[in-house]
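Trainee: Just passing along the structure, written as structure tokens.
The values are calculated or read from the model by the stated rules, or taken from the named source; none is laboratory data. These figures come from a predicted structure and were not determined experimentally. Glycine also receives a Cβ, built like all others from the backbone with ideal geometry; neighbour counts cover every protein chain displayed. Just the protein is used for accessible areas: all its heavy atoms, side chains included, with ligands, DNA and RNA removed. Shrake-Rupley method; radii C 1.70, N 1.55, O 1.52, S 1.80 Å.
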Amino acid sequence: MFAFFIRRAGQAALVMVVISLVCFAVQHKIGDPIRDLAGESVSEAERQLLREKLGLSDPLPKQYIRFVTNAARGDLGISYMFGKPALDVILQKFPATAELVFCAVIWVLVLSLPMGIYAAIRPKSVLTRIIMGVSIVGVSIPVFLIAIILIWIFSVYLGWLPSFGRGDTIVLPGGWTTGLATWDGIRHMVLPSISLASLTLPLFVRLIRSEMMEVLQSEFVKFAYAKGLPLWRIYLVHAFKNTLLPVITVGGVRIGTMLAFTILTETVFQWQGMGFIFLQAVERADTSLLVAYLVVVGLIFVGVNTVVDLVYGLVNPMVRVTGRK
Amino acid sequence: MTPETLLQVKDLEVTFALRSGKYQAVKGVTFDVAKGERLGLVGESGAGKSITGFSIINLISQPGYISGGQVLFEGRDLSKLSPEEMRSIRGDRVAMIFQDPMMTLNPVLTIGQQMLETVRAHRNVSGDEARAIAMDKLAKVHISSPERRLKQYPHEFSGGMRQRIVIAISLLSDPALIIADEPSTALDVTIQAEIMELLLELCESDRMGLILISHDLGVVSQVTQRMAIMYAGYIVEVGPTAEIITNPSHPYTQGLLAALPGLQKRRGRLNQIPGVMPGLTSIPPGCPFHPRCQSVMPVCSEKIPALCDHGAVRVACHAVTQEARS
Ligand SMILES: Nc1ncnc2c1ncn2[C@@H]1O[C@H](COP(=O)(O)OP(=O)(O)O)[C@@H](O)[C@H]1O
Ligand code: SF4
Ligand SMILES: [Mg+2]
């Protein structure tokens, strides 16, 4: 366990160093902290004064160290768009994005597991052909197109579901704004979360199916038949538990990809999350906000990867034992 | 079928429907096993031994299927049972031991889970009772501190230990017949003998029937009372082990015996039979062994020899029957 922890911490540190370098470069190259602090209408003399005061004429390594120490204290600069600390802005938008990704992941799991397993154990059935056919189409349609098609069908044509915003939200103790506590909020969640899930769902169906079909060919599955086990146990315990290992690994990576695609989904659905804000920050060159976004997303990546590794260890006894030593 | 007959395989045929056509991997195989008897199935790789063994419990994987014959076991034709009836016999009355213990056990389940699920697939017992049965069987295969072992995963055991565990699993329901497909082939030479001894000991003490499948005539001859030699899907010679070992009739059996390392005259090299077993799609006409046979006659490439009584054994060979006639 200790070795595992050290390795994880090392990887996390490496990722964060890379992110900090990227962020520093972004800030140094295109950022304008003077504007962030004092606004656009400041005279050149005043600017020069501020620049000296802020240490912007210092050598680069010194500036980088200062950037990292500030970041470690949670100070990622001021967002000039909002006139607030950039980190606060991002964290305020975090619940919207987290709930969107969470619901998309739920869609993916709830749909891909039964479909993938079914397609693996009934490879020749009509339903399997349909599932596989649709999934191939799904893989190749871009997310924004799916989003637009969904909006057109369910919002414009049928008028069943809202197509923008989060709807009614409630602030939970601790400051988390949730859209999942009201019926209106849930209705607003449907289309964005399906759009985001459409990116990963077909991929997962195909992955689960192919992994499971491979496991079903293995000797231990044949032995499970020879032991006279009921079919459900062979499929759901023997085959599926082994299928999970590669699925968890890929799943971790996909959560990262989904996080990236929230930028697109949130923009299409006017979803007030981190991704939506990020795109605005890009348009307005609000570098502090960009940096805060990158740092938070980087931390999420590291966190997700750690959780995925831990879950993997729970399923795979071999990892567990090497960890124990 | 006498009251002492446990298993009777009659004219068994197994067909593989491949893309290029249908091919028979097992062709009219007939043999029987008495209660508590140990029968060997011997032949080079590809002879159809495993397919024969698996078809007894109707466990041939696609695209293979039983295309003819009967598998009479305790009065029932197993090849005609419903899937659920067949399931209730597998692992209960008929158990199997596979070749490679590294692959047979599920890597993500504990030994306990894999044993208990087997007990409970066949008997309505509590978890504690099932655990007691599992520990009893582990002790029977000489695995120490069974209680602790139940919590361990397969990768925590050596190959030999894993095969003992597989054997313990096969014993869980006190089967009447065990089919062991090359049970020691994948193991270290030193451990092979231990596993065979263990199997022999268990079969004798519990009066279990055994079908021992192996390419190694030497191993089979030490454990079994009777054996059947297979070649290209046919049984070419079947009879008491002692008789076949001391006085092999079929040229193929003679070839296998001559290739045994222990029986080699010191000529410095193994007396392997020249050539190889034909593949499923390229079995020659007539006697399938004729391209490799040293006693080959003109008729051999035209007519398939039938299995005929020859003293204490049954043999399928034109040369043997002709010699007997003259
Ligand atoms: N799934 C399969 N598909 C096609 N041919 C197969 C399959 N399984 C076995 N065979 C063929 O059937 C023949 C007998 O195989 P097998 O019973 O495994 O031989 P062995 O005597 O070595 O156990 C071989 O020629 C093999 O190639
Ligand atoms: S039938 Fe002919 S070819 Fe076949 S084993 Fe006998 S002698 Fe050899
Ligand atoms: Mg075999």
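Trainee: In a Gaussian network model over chain B where Cα atoms closer than 10 Å are linked, find which of B:P305, B:P274, B:P101 has the largest mean-square fluctuation.
Mentor: B:P274
Trainee: For the stretch A:229-325, what is the accessible area per residue in Å² when the probe is 1.4 Å?
Mentor: 42 Å²
Trainee: Also: Could you work out Rg/(2.2 N^0.38 Å) for the protein assembly as shown, with Rg from alpha carbons only?
Mentor: 1.35
Trainee: With +1 on each Lys and Arg Cβ and -1 on each Asp and Glu Cβ, how big is the dipole of chain B about its Cα centre, in debye rounded to the nearest 20?
Mentor: The dipole magnitude comes to about 600 debye.
Trainee: Okay, next question. Which whole-number percent gives the relative contact order of the stretch A:85-324, counting Cα pairs below 8 Å spaced six or more residues apart?
Mentor: 27 percent
Trainee: Tell me, what is the FRET efficiency for A:K124 and A:T69 to the nearest 0.05, using R0 = 41 angstrom and their Cβ-Cβ distance as r?
Mentor: Working from the Cβ atoms, E equals 0.05.
Trainee: Dipole of chain A (Lys/Arg Cβ +1, Asp/Glu Cβ -1, origin at the Cα centre): which of A:V215, A:G275, A:M115 lies farthest to the positive side?
Mentor: Result: A:V215.
Trainee: Still on this structure, I have one more. How much of A:D75 can a 1.4 Å solvent probe reach, expressed as accessible area in Å² and rounded to 10?
Mentor: It works out to around 80 Å².
Trainee: For an R0 of 30 angstrom, estimate the FRET efficiency from the Cβ-Cβ distance between A:A9 and A:V139 and round to the nearest 0.05.
Mentor: Once rounded, the FRET efficiency stands at 0.25.
Trainee: Let me ask something else. Could you tell me the relative contact order of chain B? Use alpha-carbon pairs under 8 Å, at least six residues apart, and round to a whole percent.
Mentor: After rounding, I find 20 percent.
Trainee: Hey, another quick one. Using a 1.4 Å probe and counting only protein heavy atoms, arrange B:M135, B:M103 so the residue with the most accessible area comes first.
Mentor: B:M103, B:M135
Trainee: Could you order B:L199, A:L236 by accessible surface area, starting with the largest, using a probe radius of 1.4 Å?
Mentor: These residues rank, largest area first, as A:L236, B:L199.
Trainee: Grab the beta carbon distance between A:L50 and A:L21, set R0 = 41 Å, and tell me the FRET efficiency rounded to 0.05.
Mentor: Step by step, r from the Cβ atoms, then E = 0.95.
Trainee: If one takes the longest principal axis of the Cα atoms in chain A, at what angle in degrees, from 0 to 90 and to the nearest 10, does the Cα axis of helix A:240-268 lie?
Mentor: 40 degrees
Trainee: Placing +1 on the Cβ of each Lys and Arg and -1 on the Cβ of each Asp and Glu in the stretch B:218-326, which of B:A319, B:L280, B:A259 has its Cα farthest towards the positive end of the resulting dipole?
Mentor: B:A259
Trainee: Turning to a different aspect of this structure: With +1 on each Lys and Arg Cβ and -1 on each Asp and Glu Cβ, how big is the dipole of the stretch B:77-199 about its Cα centre, in debye rounded to the nearest 20?
Mentor: The dipole magnitude comes to about 300 debye.
Trainee: While we're looking at this one, here's another question. Given the options A:T306, A:P162, A:Y80, identify the residue whose Cα lies farthest towards the positive end of the charge dipole of chain A (+1 on Cβ of Lys, Arg; -1 on Cβ of Asp, Glu).
Mentor: Of A:T306, A:P162, A:Y80, it is A:T306.
Trainee: Once you charge only the Cβ atoms, +1 for Lys and Arg and -1 for Asp and Glu, what is the size of the charge dipole of the stretch B:230-326 about its Cα centre, to the nearest 20 debye?
Mentor: Around 420 debye, computed over the stretch B:230-326.
Trainee: If you don't mind, there's one more thing I want to ask. Which pairs, out of A:K124/A:K241; A:K222/B:K151; A:K227/B:K303; A:K62/A:K84, put more than 31 Å between their alpha-carbon atoms?
Mentor: Result: A:K227/B:K303 exceed 31 Å.
Trainee: State whether chain A is rounded, prolate or oblate according to the following rule on the C-alpha gyration tensor (a ≥ b ≥ c being the square roots of its eigenvalues): a/c under 1.5 gives rounded; otherwise a/b larger than b/c gives prolate, and the remaining case gives oblate.
Mentor: Oblate, because a/c is 1.5 or more while a/b does not exceed b/c.
Trainee: Could you order the peptides B:64-77, B:42-55, A:98-111, A:59-72 from most to least packed, using the average number of other C-beta atoms within 10 Å per residue?
Mentor: Result, highest mean first: B:42-55, A:98-111, B:64-77, A:59-72.
Trainee: Still on this model: For chain B, with a Gaussian network of springs between Cα atoms less than 10 Å apart, report the residue from B:M297, B:M227, B:M161 with the top mean-square fluctuation.
Mentor: Top of the fluctuation ranking is B:M297.
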